[in-house]
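Quick notes on the structure that follows.
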Amino acid sequence: MNGGRLIAFEGLDGSGKSTQLERLAARLRAAGCDVVSTREPTEFPSGQRIREMARSGKELDLEEELRWFVEDRRVHVAEVIAPALRAGRIVLTDRYYLSTVAYQGARGLDTQQILADSEAEFPIPDLVVLLEIDPQQAFERVHARGAEIEGVFERRELLSRVASVFDTLDCSNLERIPGDGEPSEIEAIIAERVRERLGLG
Ligand code: ADP
Ligand code: TYD
């Protein structure tokens with residue numbers, strides 16, 4: 001899309017996506033790039049209802065849950081991602097369709113089908129930064145402040161399954177980055193990959 005670039009950050013909750021996305025955005029801006037930073041679930045009503053659902057602790061039917069994430073992505077692409085790419089901007093998104101592959105796949109849906117449908121409908125990222133971290137460590141980072149004791153085992157079990165799906169992914173645009181070092185070291189590795197692959201920064 002007219003010279004714009006799309007970089008998606010993926011990984012478990014607590015893998016460091018938002019930390020590293022902000023660091024890359026700052027680096028690219030300092031190098032003169034026109035960067036849009038965005039995330040899913042979005043701030044649009046379609047994303048807010050997902051957060052409300054998650055907060056309420058109620059579980060949706062799995063197919064319905066998939067539809068909600070896909071509908072939110074449709075809005076995200078139409079309102080934010082596609083216009084920015086058309087304008088030649090660099091879009092950094094915190095989560096994108098591989099989150100649906102990994103999370104809804106981990107909950108029981110067909111990962112290959114979700115991937116194929118996503119690639120057919122949505123712009124394919126020029127680069128996916130997959131931050132890899134041990135599920136136990138991710139879990140500890142998220143719960144570092146002692147929040148949320150209930151449901152702990154289900155969540156830990158789900159995170160392990162999500163990690164297993166991420167492990168099986170084999171896409172040419174995917175860079176696996178160790179997420180367990182110092183934030184500044186991880187930032188430098190990501191910057192290097194972005195330079196090599198996209199010539200940016
Ligand atoms: P995500 O967006 O993937 O959920 P965050 O960037 O919000 O992850 O990080 C989750 C928590 O872990 C935050 O408290 C953050 O400060 C911390 N964190 C992020 N990166 C690192 C790192 N490399 N080492 C240790 N802690 C980190
Ligand atoms: P998260 O990145 O934690 O958003 P926020 O910090 O803004 O609340 O995402 C919320 C949860 O949604 C997270 O556990 C992953 C999950 N998720 C899916 O299950 N499928 C998807 O397609 C996406 C985008 C997220």
Which of the residues spanning segment 15-31 are near ligand 1 (Cβ under 9 Å from one of its atoms), open to solvent by less than 60 Å² (accessible area, probe 1.4 Å) and out of contact with any Pro (no Cβ under 9 Å at 6 or more places or on another chain)? 15, 17, 21
Of (1) surrounded by fewer than 18 Cβ atoms within 10 Å (Cβ to Cβ); (2) at pLDDT 95 or above; (3) in contact with an Asp or Glu (Cβ under 9 Å, 6 or more places away or on another chain); (4) within 26 Å of residue 110 (Cβ to Cβ), residue 94 satisfies all except one. Which? (1)
Yes or no: segment 133-148 includes at least one residue that is modelled with pLDDT of 95 or more and of a type in the set (Gly, Ala, Ser). no
What are the residues in segment 59-79 that are open to solvent by less than 70 Å² (accessible area, probe 1.4 Å) and under 24 Å from residue 155 (Cβ atoms), if any? 60, 62, 64, 65, 66, 68, 69, 70, 72, 73
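The values are calculated or read from the model by the stated rules, or taken from the named source; none is laboratory data. These figures come from a predicted structure and were not determined experimentally. With ideal geometry, Cβ positions are generated from the backbone for all residues, glycine too; neighbour counts draw on all protein chains shown. Remember, those area values only see protein heavy atoms, side chains included, never the ligands or the DNA or RNA. Shrake-Rupley method; radii C 1.70, N 1.55, O 1.52, S 1.80 Å.
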